[in-house]
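*Asks:* Sharing a structure below in C-alpha cells format, with a few things to ask.
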Amino acid sequence: MASITIRNLDDALKRKLRLRAAERNHSMEEEARDILRDALAQESAPAENLADAIRKLIEPTGGVELSLPPREPIRDPPDFT
C-alpha cells in the first residue's frame, strides 16, 4: 500500500476532518481515505469542446450570421529601416 503526506493543511479543514471522523467513529486517516475513495470513484464528465459549448449557447437565439469581408491581396510587410 502506498502512503502520502499532506502538508500545509488548513487548521479549519483539519478540524472538520477530525470532527467528521469522530462522528463516524473513524480515525482521521481512515476518514481521509474514505473521502478520497468516494471522490475518485465518481466518473468525471468529459471536457466539452469550446466550439460546441459556444454553439450550445448561441443556437437557442437563432444563431449569428457574420458577413465576411472580401479578401484582399497580401500587404507588403512594413519597412522598419
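*Asks:* Looking only at the stretch 35-52, how many residues end up being within 15 Å of I4 (Cβ to Cβ) and not small (G, A, S)?
*Replies:* Summing the residues that are within 15 Å of I4 (Cβ to Cβ) and not small (G, A, S) in the stretch 35-52 gives 4.
*Asks:* Can you name the number of the only condition in (1) open to solvent by 100 Å² or more (accessible area, probe 1.4 Å); (2) under 22 Å from the mean Cα position of the chain (by Cα) that N49 fails?
*Replies:* So N49 meets the others, but not (1).
*Asks:* How many residues does the stretch 1-53 hold that are of a type outside the set (S, T, N, Q) and under 30 Å from G63 (Cβ atoms)?
*Replies:* Result for the stretch 1-53: 8.
*Asks:* Can we say P46 is at negative phi and modelled with pLDDT under 90? Full working, then the answer.
*Replies:* Values: at negative phi: yes; modelled with pLDDT under 90: yes.
Taking the combined requirement at face value, the residue satisfies it.
The values are calculated or read from the model by the stated rules, or taken from the named source; none is laboratory data. Computed from a predicted structure; not experimentally measured. When we count neighbours, we look across all protein chains shown, and the Cβ atoms used for this are built from the backbone with ideal geometry, even at glycine. Heads up: the accessible areas ignore ligands, DNA and RNA and are worked out on the full protein's heavy atoms, side chains in. Shrake-Rupley method; radii C 1.70, N 1.55, O 1.52, S 1.80 Å.
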